[in-house]
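A.B. asks: One structure, pasted below without further comment.
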Amino acid sequence: MNYRAVKGMNDILPDEIERWHQLEATFRQIVERYRYAETRTPILEHTELFVRSIGETTDVVEKEMFTFERSKESLSMRPEGTAGAARAYVEHKVHAREPVSRWYYAGPMFRAERPQRGRYRQFYQAGCELYGDPGPVCDAEMIDMLVAFFSELGIPEVQVRVNSIGGPDARAAYRTALLEFLRPRAGELSEHARARLEANPLRVLDSKDPRDQAAVADAPSILDLLPPADRQHWDQLRRGLDALGTPYEVQPGLVRGLDYYSRTLFEINASTGELGAQNTLVGGGRYDGMIRSLGGPDVPAIGFAMGLERILLAMSDSTPQASRFCFLAPIGEQAQTAALKLARDLRSAGVTVDLDGRGNSLKSMLRRADATRARICLVLGESELEQGVVQLKDLAAHEQRNVPLAAVVAAVSEALRSASGSEVGA
Ligand code: HAM
């Protein structure tokens, strides 16, 4: 039997992890600048939490959750992070301690979708949730933060799409208008959309089936049905984005696949690198009713989540940077022993060191230093040992010089420090 990973679930091996670390570090760095603080909630929650918050007639709840029974309880692997975070917010009565809370999270999510490039059954999301502020100033700020994040990552060409789906009243009015529009066209819809039409007509708007997309092309716009308070919220959001100079498009058909949204909705798409059809990097929006529906107080909330695999695909044509570490290449047994101590001294000074103790030729060690993208290579041979020096090669700058053994730690630290300025998220 050859064991293989479960379909749609990927291993991330050490040679790929550096890109993940850089991406996660950049995410943390940016969101912490906006005073978001990390929260970690369990991967398993009671199934009922997801049914209640995400909505019974959404794809995620209807067919994509990994659910199982354990001691007569129905548990599900989290398909997203918003429901668990909201549950924790209510359970720990966070609203009683602070009027506004900004949380972020990063971790694996699980959806039994049909796997393809950019769509997996275990995937990683990083997201933010902001509780206690009804917006729309913070809505504009959040969208602008995401644009700043992508620009920092080197993906400046993103498309930001925004919409408002109003509060419960606007949605009820829109539901009726949409049903009136779609009922006569039911015969043109996909079987799935037809079956769900009466229960959840808004879902037809984000169906990927070309028959559904053609049928809703001239559907009424929810923006035309917004009552005055929702309209004011929407207008002020747009004024905020305009004042910031944040580029965005209004997309009146944007509903996203989760039922908890109200008012502001947004998504961010890109088409760079190796991204295929799954090119939505971020989905988010306001969900003012969720905290109360989970038994908490009437606290408004807004948030987003981004798919980390998709962002890495979008970044796949950016050139990898030389890594900030030092490769130590000793030639001969005496040099190997001396290198052991030198490596320890360098590590004590905070330098990352890869000591090649295999006794290979210099040529093969240099090849290895290049292949691992080391920034510095230290060569320590018999003649260097006799002279009390080490040959320091700066592999990125293509320079080399001899450095007295006693000054090596300082010289390497300095060379790596000056190399670090250009690295993303370092
Ligand atoms: P979502 O739109 O379902 O929203 O997912 C957000 C992002 O997660 C997507 O845009 C995509 O990048 C990534 N993603 C989703 N499913 C997959 C998958 N199967 N494989 C790879 N990546 C995927 C949410 O999850 C909401 N919780 C966002 C939110 C937070 N709204 C308010 N707060």
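A.B. asks: To the nearest 10 degrees, how steep is helix 82-91 against the longest Cα principal axis of the chain, on a 0 to 90 scale?
C.D. replies: It is inclined by approximately 80 degrees.
A.B. asks: Using a 1.4 angstrom probe with every protein chain in place, what is the largest-first accessible-area order of 393, 208, 72, 93?
C.D. replies: If we order 393, 208, 72, 93 from most to least accessible, we get 72, 208, 93, 393.
A.B. asks: Could you compute how fast segment 156-210 diffuses translationally, taking Rh as the Kirkwood radius over C-alpha pairs and applying Stokes-Einstein at 10 °C with viscosity 1.306 mPa s? Give it in µm² per second.
C.D. replies: Answer from the Stokes-Einstein relation: 126 µm²/s.
A.B. asks: Related question: Which of the aspartates and glutamates could a cross-linker span from residue 93 if the Cα-Cα distance has to be under 19 Å and same-chain partners fewer than 8 positions apart are dropped?
C.D. replies: Cross-link targets: 38, 45, 129, 133, 288, 298.
A.B. asks: For Cα pairs less than 8 Å apart in space and 6+ apart in sequence, what is the mean separation divided by the residue count of the chain, i.e. the relative contact order in percent?
C.D. replies: Computed value for the chain: 16 percent relative contact order.
A.B. asks: Here is a further query. Find which of 404, 214, 284 sits farthest along the positive direction of the dipole of the chain, computed with +1 on the beta-carbon of Lys and Arg, -1 on that of Asp and Glu, about the Cα centre.
C.D. replies: Towards the positive end, the residue furthest out is 404.
A.B. asks: Give me the number: length gained by fully extending residue 62 to residue 292, i.e. 0.36 nm times residue separation minus the C-alpha to C-alpha distance, one decimal in nm.
C.D. replies: That works out to 80.5 nm of additional length.
A.B. asks: So what is the relative contact order for segment 109-263, in percent, with contacts set as C-alpha pairs under 8 Å and at least six apart?
C.D. replies: Computed over segment 109-263, the figure is 33 percent.
A.B. asks: Using 13 Å as the cut-off for backbone N distance, which residues of segment 376-417 belong to the label zone defined by a point 7 Å from the Cα of residue 345 along Cα→Cβ?
C.D. replies: Label zone hits: 385, 388-391, 403-413.
A.B. asks: Residue 361 versus residue 117, label points 7 Å from Cα toward the beta carbon: distance in nm?
C.D. replies: It works out to 4.0 nm between the two label points.
A.B. asks: I'd like to compare 117-124, 355-362: which one has the highest average count of other Cβ atoms within 10 Å, and what's the full order after that? Working shown, then result.
C.D. replies: Working: 117-124: 18.8, 355-362: 13.4.
By packing density, highest mean first, the sequence is 117-124, 355-362.
A.B. asks: Please give the per residue volume of the convex hull enclosing the alpha carbon atoms of segment 34-124, rounded to a whole number of Å³.
C.D. replies: Once divided by residue count, the hull of segment 34-124 is 117 Å³.
A.B. asks: Compute the helix-to-body angle for 408-420: its Cα long axis versus the longest principal axis of the chain, expressed 0 to 90° and rounded to tens.
C.D. replies: It is inclined by approximately 30 degrees.
A.B. asks: Related question: Please label the shape of segment 66-110 as rounded, prolate or oblate, based on the square roots a ≥ b ≥ c of the eigenvalues of the alpha-carbon gyration tensor (a/c under 1.5 means rounded; beyond that, a/b larger than b/c means prolate, else oblate).
C.D. replies: Values: a/c = 4.68, a/b = 1.75, b/c = 2.68.
Oblate is the answer for segment 66-110, as a/c is 1.5 or above yet b/c matches or exceeds a/b.
A.B. asks: Over the Cα atoms of the chain, each weighted equally, I'd like the Debye log10 I(q)/I(0) at q = 0.07, 0.13 Å⁻¹, rounded to two decimals.
C.D. replies: Values returned for q = 0.07, 0.13 Å⁻¹ are -0.46, -1.12.
A.B. asks: Can you give the extra length, in nm with one decimal, that the chain gains between residue 333 and residue 383 once fully stretched, where that is 0.36 nm per residue apart less the Cα-Cα distance?
C.D. replies: Length difference between fully extended and current span is 16.7 nm.
A.B. asks: To continue, here is another question. Whole-Hz ³J(HN,Hα) for each residue in segment 266-282, computed from phi via Karplus 6.51 cos²θ - 1.76 cosθ + 1.60 with θ = phi - 60°, x for glycine and proline: what do you get?
C.D. replies: Each residue of segment 266-282 in turn: 8, 8, 10, 10, 8, 9, 9, x, 9, 4, x, 5, 7, 10, 7, 7, 9 Hz.
A.B. asks: Quickly work out the residue 137-to-residue 370 label distance, labels modelled 7 Å from Cα along the C-beta direction, and quote it in nm with one decimal.
C.D. replies: Result for the modelled spin labels: 5.7 nm.
A.B. asks: Also: Taking Cα atoms, how many degrees apart are the long axis of helix 228-244 and the longest axis of the chain, rounded to 10 and kept between 0 and 90?
C.D. replies: Compared with the principal axis, the helix lies near 30 degrees.
A.B. asks: Arranged from highest to lowest average of other beta-carbon atoms within 10 Å per residue, in what order do the peptides 183-191, 224-232, 288-296 appear?
C.D. replies: 288-296, 224-232, 183-191
A.B. asks: Just check segment 87-149 against the gyration tensor rule for me: Cα atoms, a ≥ b ≥ c as the square roots of the eigenvalues, rounded for a/c under 1.5, and otherwise prolate or oblate depending on whether a/b exceeds b/c.
C.D. replies: Oblate shape, in that a/c is at least 1.5 and b/c is the bigger or equal ratio.
A.B. asks: Right, another one. Kirkwood Rh over alpha-carbon pairs of segment 293-342, then Stokes-Einstein at 20 °C and 1.002 mPa s: what D in µm² s⁻¹, rounded to an integer?
C.D. replies: The calculation lands on 125 µm²/s.
The values are calculated or read from the model by the stated rules, or taken from the named source; none is laboratory data. Not measured: the values here are computed from a predicted model. All Cβ positions, glycine included, derive from the backbone under ideal geometry; neighbour counts span all protein chains shown. For accessibility, only protein heavy atoms count, side chains too; no ligands or nucleic acids. Shrake-Rupley method; radii C 1.70, N 1.55, O 1.52, S 1.80 Å.
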